[in-house]
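Report on one structure; see the data block that follows.
Any read-out appearing in this document is the output of simple, stated calculations on the displayed coordinates, not a laboratory observation. No experiment lies behind these values; they were computed from the predicted model shown. Every residue, glycine among them, receives a Cβ derived from its backbone with ideal geometry; neighbour counts consider all protein chains shown.
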Amino acid sequence: MGLIVQKYGGTSVGSIERIRRVAERIAAYQQAGHELVVVVSAMGKSTDTLVELAKQIAVYPSERELDMLLTTGEQVSIALLAITLQQIGIDAVSLTGWQAGIRTEPIHGRARVKEVDNRRIRAELAKGRVVIVAGFQGVTDEGEITTLGRGGSDTSAVVLAASLQAERCEIYTDVAGVYTADPRVVPSAQKLASISYDEMLELASLGAGVLHPRSVEAAKKYRVKLIVRSSFTDEEGTYIKEDAEMETGRVVSGVAHDEHVAKITVNGLPASGGALSKLFHTLASAQVNVDIIIQGSVAGELTNVSFTVSTDDLPKALEVLKANQAALRFTQVEHETGLSKVSIVGAGMINNPGVAAEMFRQLAEQEISIRMVSTSDIKVSCVIPAEQTTLAVRTLHTAFGLDVPEQAVVHGQ
Ligand code: ADP
Ligand code: ASP
Ligand code: MG
């Protein structure tokens with residue numbers, strides 16, 4: 001029986017009762033002979049509550065202090081889970097990110113993990129203990145506490161599984177696996193038995209919040225066997241692996257949406273002299289992630305460019321652009337919110353032309369206006385008005401044959 005890394009999300013540890021259920025599952029695995037490293041998130045919505053507290057004091061709280069504040073959430077849940085396990089006779093120890101040796105780059109709010117020094121974890125496992133690790137947090141070489149970005153506990157679990165060469169990494173959450181769309185938005189969504197790393201990476205990056213995108217990236221890189229399943233039932237979950245059996249040869253495997261999209265337009269930008277490169281370098285140096293970019297036509301010496309950012313990054317992006325307006329030599333910056341991005345994802349698209357055209361047709365039939373488009377080998381994304389998100393997601397889910405098949409009705413004799 002090998003080592004397993006398990007991760008329990010916020011809802012799964014949202015109350016003492018739920019923490020007890022998690023402890024029972026851990027006990028069963030331990031009795032079956034497994035060594036266990038367990039990553040937990042902060043209880044329920046407590047991370048949101050902490051963010052709100054800071055925002056009552058400052059619109060832009062210091063990112064360092066925000067990390068200091070948010071990491072307390074996970075410190076509460078690891079200690080409570082360790083106490084619960086000890087109470088039922090299981091030797092357990094809780095460790096913060098830095099105690100567990102999770103070292104990150106020196107960036108607050110969305111640090112990447114550089115390496116895991118797993119000596120402390122190994123030593124605790126050697127004593128026969130269940131090791132409980134605080135998700136979402138790490139430490140820099142200078143001893144500063146960092147966080148990995150919202151939803152980052154998944155990534156903590158995967159990097160630990162990679163470092164410890166765990167048999168597998170199990171992500172326990174409040175749904176039974178990865179579905180063809182968010183089951184809260186599409187009631188007819190189907191649970192996938194398996195999905196490839198590449199498709200899952202696209203879905204997660206395009207807004208399917210069930211997994212932190214960096215966790216999938218790390219799982220693919222280090223070949224970690226990843227399973228998403230419910231913390232409330234024993235139902236089989238979804239396997240994320242290299243060559244997932246293609247689900248009945250479907251062209252589209254899933255629909256994802258992201259309602260945090262903002263569009264920025266920079267007008268009157270010099271059409272030559274590397275202005276575009278300077279613009280996006282300036283944004284990148286400020287840690288602003290830019291998504292879809294569309295350059296307008298050139299009129300005389302000037303052009304304009306539109307791009308999308310996450311609504312979280314919008315204030316920072318606008319601030320940076322305004323502060324650098326003279327150096328970047330543009331005349332005006334505009335922005336628009338109230339947008340969302342709807343995407344279809346599927347490895348089968350590579351060999352099937354016309355998928356994008358069909359997506360546009362389906363959206364047009366519902367009178368959904370498409371504001372921007374972006375494509376890759378295995379996805380097509382459209383930016384649309386946010387209020388039409390649910391309609392768009394459901395329409396595409398049905399159109400691409402993803403709805404759960406109607407149950408055969410059994411008539412009495
Ligand atoms: P946790 O706190 O366990 O990390 P999250 O809220 O981060 O849980 O992720 C689980 C949620 O992801 C589900 O409740 C579901 O609404 C959402 N979700 C979005 N897209 C999908 C999808 N394709 N499959 C499953 N869940 C999805
Ligand atoms: N508690 C953090 C968050 O709410 C990390 C996580 O849940 O993965 O984003
Ligand atoms: Mg999550």
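Packing-based ranking of 182-191, 24-33 yields 182-191, 24-33, ordered from highest to lowest mean Cβ neighbour count within 10 Å. Think of the chain as having a plus end and a minus end, set by charges on the Cβ of Lys, Arg, Asp and Glu; of His257, Gly101, Pro183, Gly101 sits farthest toward the positive end of this dipole. For the peptides 365-377, 231-243, residues were scored by their other Cβ atoms within 10 Å and the scores averaged per peptide; the highest-first order is 231-243, 365-377.
Could you order peptides 254-267, 40-53 by the average number of other Cβ atoms within 10 Å of their residues, highest first? List each step's numbers first, then the result.
Values: 254-267: 22.1, 40-53: 18.9.
In descending order of packing, they fall as 254-267, 40-53.
Of all aspartates and glutamates in the structure, the ones whose alpha carbon falls short of 15 Å from that of Lys322, not counting any fewer than 8 places away in one chain, are Asp313, Glu334. Dipole check for the range 9-148: with +1 at the C-beta of Lys and Arg, -1 at the C-beta of Asp and Glu, and the Cα centre as origin, the magnitude is about 400 Debye. Extension gain for Gln325-Asn352 works out to 5.3 nm (0.36 nm per residue, less the C-alpha to C-alpha distance). Within the straight-line cut-off of under 23 Å between alpha carbons, the lysines reachable from Lys220 are Lys7, Lys114, Lys191, Lys241, Lys379, sequence neighbours fewer than 8 places apart in one chain being disregarded.
Here the simple spin-label model places points 7 Å from the Cα toward Cβ, and for Phe280 and Glu236 these points are separated by 4.3 nm.
Take every Cα pair under 8 Å in the range 100-198 that's 6+ residues apart, average their separations, divide by the length, and report that relative contact order as a whole percent.
Values: 135 pairs, mean separation 21.2, N = 99.
This gives 21 percent for the range 100-198.
In deg cm²/dmol and to the nearest 500, what is the mean residue ellipticity at 222 nm of the chain if only DSSP H runs of at least 4 residues count, each as -39500 (n - 2.57), divided by the residue total? If you can, show how the numbers build up before the last one.
Details: 12 runs with 138 residues, N = 413.
Only helices count here, giving -10000 deg cm²/dmol.
Taking all Cα pairs closer than 8 Å and separated by 6 or more residues, the relative contact order of the chain comes to 13 percent.
Any chance you could run the full-extension gain for Arg168 through Thr265? It's 0.36 nm times the residue separation minus the Cα-Cα distance, nm to one decimal.
Details: separation 97, 0.36 × 97 = 34.92 nm, distance 4.48 nm.
Taking Arg168 through Thr265 to full extension adds about 30.4 nm, to one decimal.
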